[in-house]
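Chemist: One structure coming up, written as structure tokens, with questions to follow.
What follows is calculated from the coordinates using simple rules that are stated; it is not laboratory data. Given the structure is predicted, the values throughout are model-derived calculations rather than measurements. Using ideal geometry, Cβ is built from the backbone for each residue, glycine included, and neighbour counts are taken over all protein chains shown.
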Amino acid sequence: MKKIAALAGFAALVLSGCAKTESNTIKVGGIAPLSGAVAVYGVECKNGIDLAVEEINAAGGINGKLVEFVCEDDEGSPDKTVNAFKKLITKDHVKYVIGSLTSGCTQAITTLSQASKVVQLAPAATAPAITEAGNFIFRACFIDPFQGTVGGKFAIESLKAKKAAVLYDAGNDYSVGLQDNFVATFKALGGEVVAIESYAGGDKDFNAQLTKIKNANPDVVYLPDYYGTVALIAKQLRAQGIKVPLIGGDGWDGLTANAGDEVLNGFYSNHYADDSDEVVVQKFVKAFEDKYGKKPNSFAALGYDSMYLLKDAIVAAGSEDSVSVRAALEASDGDYVTGHLTFDERRNPVKSAVMIELVKGKDGKITTSYKTTVNP
């Protein structure tokens, strides 16, 4: 009861504060890990959002008002996500928040967003429970069950694997969600899971688990974790002589700058491919390269799409009122960089996923190449 009362009091404070704020700009809040272990996600996402804001403002803004993006660094810490949210709502008086990036940080503020009637749009938080806090919570990415399903289908249908092994972080909801659905799909399609091994977050030595996996003689190994850990595992895995294909999820984005040949013959599900021939994709990639001097990863694309989704919803609502914008966002139906998007009844996007292959470029460096698309 005390928690409910506290939330109600916080929501009242927020709503009264927002009601008094009039401006010639539209403030949009952002929360992302701009420093810390997963900073590559947050920095790239912010870059994508900043590019979208620049384009929107250059085209006249939203309903005649320029967009002001106020972004806070949560360092990948749920406690700091909560502090950042409270600052954005009570001091900056934002009505919409894009963030955070990882599922744990994002979920730390969903109840607060719902109680405050603040539209929260998560660019890349894939854990299924994210949107369960209520109808003000949305996401721009597909969810973990779909990624796990995509990985399982790809292993069976494209790689023709018959036996799979899995190595995952038992304390990470993202990793657990992907492995659960990969295993279920792989088995349902006739495959045999010959080894399921786990580790704890922060572990550096995976040789004991990898020895068991090697002895199980799998055709593929599924590694559902973030790029830093995957790079460590892949190096130890190859050192043990395990040469089979590796499969993962969107947390692998970042491997090209943080791993070597050990990740070759690796494939991961992702939200878009920068070498797609879709006009909307190529326009985004060129604009991003012109601004930042490098190709955008999926987190940049999801951040970019999140800002445009919010912009389109505000335009459709004809109002900055968060209740009206929420309803308009729920009715989204359009083409974005990461695909044609609509929302299901739980405000999860219905759209396709791509499989990306890690390959060696002409310059000898690890890069990515579009492999195939898997539809919902």
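Chemist: Cα axis of helix 279-292 to longest principal axis of the chain: angle in degrees, 0 to 90, nearest 10?
Modeler: The angle comes out near 80 degrees.
Chemist: For Lys163, what residues show an amide H to amide H distance below 5 Å, using hydrogens built from the backbone and excluding near sequence neighbours?
Modeler: Glu192, Asp219, Val220
Chemist: Okay, next question. Going down the table (Lys294/Lys362; Lys46/Lys86; Lys153/Lys294; Lys291/Lys362), which pairs top 21 Å between alpha carbons?
Modeler: Those over the limit are Lys153/Lys294; Lys291/Lys362.
Chemist: Whole-Hz ³J(HN,Hα) for each residue in region 50-61, computed from phi via Karplus 6.51 cos²θ - 1.76 cosθ + 1.60 with θ = phi - 60°, x for glycine and proline: what do you get?
Modeler: Here the 3J(HN,Hα) series is 4, 5, 4, 4, 4, 5, 4, 5, 5, 8, x, x Hz.
Chemist: Quote the FRET efficiency, to the nearest 0.05, computed for Tyr292 versus Ala239 with a Förster distance R0 of 30 Å and r equal to the Cβ-Cβ distance. Please list the in-between numbers first.
Modeler: On the way: r = 35 Å, r/R0 = 1.16.
Using R0 = 30 Å, I get an efficiency of 0.30.
Chemist: With charges set only on the Cβ (+1 for Lys and Arg, -1 for Asp and Glu), what does the dipole of the chain come to about its Cα centre, in debye to the nearest 20?
Modeler: That gives the chain a dipole magnitude of about 460 debye.
Chemist: Okay, moving on. How big is the Cα convex hull of the chain in projection, averaged over all directions, in nm²?
Modeler: On the way: hull surface 73.1 nm².
About 18.3 nm², averaged over all directions.
Chemist: Next up: Can you give the convex hull volume per residue for the Cα atoms of region 307-354, as a whole number of Å³?
Modeler: Taking the convex hull of the Cα positions in region 307-354, it is 68 Å³ per residue.
Chemist: For the chain, take the longest principal axis of its alpha carbons; what is the angle in degrees between that and the long axis of helix 298-317, to the nearest 10 within 0 to 90?
Modeler: 30
Chemist: Given Ile196, Thr149, Ser324, which one lies farthest toward the positive end of the charge dipole of the chain, if we put +1 on the Cβ of every Lys and Arg and -1 on the Cβ of every Asp and Glu?
Modeler: My answer, from the dipole projection, is Ile196.
Chemist: Once the Cα atoms of helix 2-19 and of the chain are each reduced to a long axis, what angle between those two axes, in degrees from 0 to 90 to the nearest 10, is obtained?
Modeler: Here the helix axis deviates by roughly 60 degrees.
Chemist: Using θ = phi - 60° and the Karplus form 6.51 cos²θ - 1.76 cosθ + 1.60, what ³J(HN,Hα) does each residue of region 227-242 get, whole Hz, x for Gly and Pro?
Modeler: Karplus-based 3J(HN,Hα) across region 227-242 equals 4, x, 5, 4, 4, 5, 5, 4, 5, 5, 5, 5, 4, 7, x, 7 Hz.
Chemist: Within a Cβ distance under 11 Å of Asn375, other residues only, what is the Lys/Arg minus Asp/Glu net charge?
Modeler: Around Asn375, the charge tally is +2.
Chemist: How far apart, in nm, are the 7 Å Cα→Cβ label points at Lys212 and Val279?
Modeler: Roughly 5.3 nm, to one decimal.
Chemist: For region 255-333, state what percent of all Cα-Cα pairs lands in each successive 5 Å bin, counting from 0 Å until the bin that includes the largest distance.
Modeler: 3, 13, 17, 17, 15, 15, 10, 5, 4, 2, 0
Chemist: Calculated from DSSP H runs of 4 or more alone, at -39500 (n - 2.57) each and per residue, what is the 222 nm mean residue ellipticity of the chain, nearest 500?
Modeler: My calculation for the chain gives -13000 deg cm²/dmol from helical runs alone.
Chemist: If one computes the Cα centroid of region 261-305 and of region 76-110, what distance in Å separates the two points?
Modeler: Centre-to-centre distance over Cα atoms comes out at 26 Å.
Chemist: Do any trypsin sites (Lys or Arg not before Pro) in region 60-151 lie in a DSSP loop with no more than 13 other beta carbon atoms within 10 Å, and if so, which?
Modeler: Lys91
Chemist: Check each of the GluC sites (Glu not before Pro) in region 302-376 and keep only those in coil by DSSP with at most 14 other C-beta atoms within 10 angstrom; list them in order. Before the final figure, lay out the partial values.
Modeler: Working: sites: Glu320, Glu330, Glu345, Glu357; in loops: Glu320, Glu345.
When the GluC sites (Glu not before Pro) of region 302-376 are filtered for loop state and at most 14 Cβ neighbours within 10 Å, Glu345 remain.
Chemist: Right, another one. Any idea which of Asn83, Leu167, Ser35 is furthest toward the positive side of the dipole for the chain, if Lys and Arg beta-carbons carry +1 and Asp and Glu beta-carbons -1?
Modeler: Leu167
Chemist: Something else: Kirkwood Rh, Cα Rg: Rg to Rh for region 21-178?
Modeler: Details: Rg = 17.6 Å, Rh = 16.8 Å.
We get a ratio of 1.05 for region 21-178.
Chemist: Between region 188-244 and region 334-371, how many Å separate their Cα centres?
Modeler: 24
Chemist: Here's something else I'd like to know. I need two numbers for region 121-188: Rg to one decimal and Dmax as a whole number, Cα atoms only, in Å.
Modeler: According to the Cα coordinates of region 121-188, Rg and Dmax are 13.4, 42 Å.
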